[in-house]
């Protein structure tokens, strides 16, 4: 079984699910270049819970967790199978907290399917989602995924879906809008910290500056990145797969480590 990479994808607007642009074309090419996974473990910014949960159903539903978008977006279905076996393996591997099985409440939210639709358009690979415990600090999310690194040797692609910069309050709906200076500052800081493998700063110092606070007024879109870093190893090579901004206040920076 191939040792799988770990992958962080900026997902941005749900409209990326049905649009063709440089970003979505990059995802399509990435899906063709990656080794074929046995299953996918996705950590999405859009599933926050009290405690940690994992989807454990044979057929997770496609969740349209947004409003005000065209009907064509609500018509999208991503009929990937789930994996009870993978869910059980995750629950057994994690010792630092109890991972509760979710057998009916959740499914695949748009943080998951909007990117998977381009990576694997045939939806042929089973997908399991792991939730974000909203009560926990950044270090918890990083350390939890450390316990799941072994999944990579079992053919599981670990995917974090969020954004390096995500401030909906500062959106400029002009598609040609230049990114805010603070967004560029934080995005560049993140790139530098990733290249230096300075995970301590990424965990502890990211939102201590003005640029960091503006880039993440809430932490939901930041936490998935920590899971990807937690599953990485010192021998992994970092590759920036896509760089760009949407609507001035969303960074679409995406990277792989393998």
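Values in this text are rule-based calculations from the coordinates and carry no lab data. What you are looking at is a predicted structure, and each value in this text was computed from that prediction instead of being measured. Using ideal geometry, Cβ is built from the backbone for each residue, glycine included, and neighbour counts are taken over all protein chains shown.
Among bridges DSSP assigns within the range 6-257, what percent are antiparallel (round to 5)?
Details: 12 of 35 bridges.
Expressed as a percentage, antiparallel bridges in the range 6-257 total about 35.
Sorted ascending by nearby beta carbons within 10 Å, beginning with the fewest, 130, 168 become 168, 130.
Each residue in 120, 242 was given a count of other beta-carbon atoms within 10 angstrom of its own, and listing them fewest first yields 242, 120.
Each of 191, 213, 117, 104 was scored by other Cβ atoms within 10 Å of its Cβ. Arranged with the fewest first, they read 104, 213, 191, 117. Taking all Cα pairs closer than 8 Å and separated by 6 or more residues, the relative contact order of the chain comes to 32 percent.
Radius of gyration (Cα atoms) of the range 6-257, expressed as a multiple of 2.2 N^0.38 Å: 0.94. The Cα center of the range 69-96 and the Cα center of the range 1-54 differ in position by 12 Å.
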